[in-house]
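Report on one structure; see the data block that follows.
The values are calculated or read from the model by the stated rules, or taken from the named source; none is laboratory data. Values in this document were obtained by computation on a predicted structure and should not be read as measured data. Because the Cβ atoms are built from the backbone with ideal geometry, glycine has one as well, and the counts that use them run over all protein chains shown.
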Amino acid sequence: MDGRIKEAVDLFQEVLVYGTERVIKSVDHPLWKEYSPEQIQMLKLIESEKQITSARLAVLQAVHKSAISSRIKKLLQKNVIQVVQTTDKREKLLELTDKGQEIIEELDQVLADYLEKLLSENIADEEIEQFLTIFRKLKTIIKMDGV
C-alpha cells in the first residue's frame, strides 16, 4: 500500500476518534448531556436514511443487534424516533419524530458553530475548499447508499 494512503487512513481515524472526544468535551449544550454520542450518531443515520431497520443500524454502527435494541428503546422512550409498520408485519422501520428532527437540527447547529469557530481560527479558506473537494470526491467514489 502506498505510504501516503496508509498515513491518510491513520490521520482520518485519529481525527474521527479524537475529534469526537474533543467535541464531546468542548461543546457545552444540554443535548450533549442528554444523548450519548452513539444515540446522536443513530439519530443522524435515521435522518440520513429517512426510514431504516434496526439490522441496518447495527451494520452501520458496527455493533451487535442487542446494543442497537437498547439504544432504540431509550430513543423511543424519549419520543425522538418512532416505529413504522410496513406491509410485511415482520419488518419494522424506524424514523425520526418531529421532536427528533428538531433535536438533530439543534445539534447540527451547535456542532457547526463550534467547528466554524475552531476551523476559522486554524484553517485558511482555501484549505477548507480543498477538504470539501476531496471529501465530495470520496463520497462519490464510496457511494454511501451502497453500504
Across segment 42-97, the tally of residues that are among the β-branched types (Val, Ile, Thr), farther than 22 Å from residue 32 by Cα and within 18 Å of the chain's Cα centre (by Cα) stands at 3
Inspect all residues belonging to segment 38-45 and state whether any of them is of a type in the set (A, V, I, L, M) and in contact with a Lys or Arg (Cβ under 7 Å, 6 or more places away or on another chain). yes
Would you check if residue 23 is among the β-branched types (Val, Ile, Thr) and at pLDDT below 80? yes
Residue 42 passes all but one of (1) surrounded by 15 or more Cβ atoms within 10 Å (Cβ to Cβ); (2) at pLDDT below 85; (3) aliphatic (A, V, I, L, M); which number fails? (2)
Does residue 101 satisfy being closer than 20 Å to residue 21 by Cα and surrounded by 14 or more Cβ atoms within 10 Å (Cβ to Cβ)? no
Would you pick out the residues in segment 10-39 that are surrounded by 15 or more Cβ atoms within 10 Å (Cβ to Cβ) and of a type in the set (Val, Ile, Thr)? 23, 27
Residue list for segment 17-67, restricted to those being touching a helix residue (DSSP H, G or I) at 6+ places or on another chain (Cβ under 8 Å), under 20 Å from residue 105 (Cα atoms) and among the basic types (Lys, Arg): 44
Hey, residue 111 hits all of (1) farther than 25 Å from residue 43 by Cα; (2) in contact (Cβ under 8 Å) with a residue 60 or more places away in the chain but one; which does it fall short on? (1)
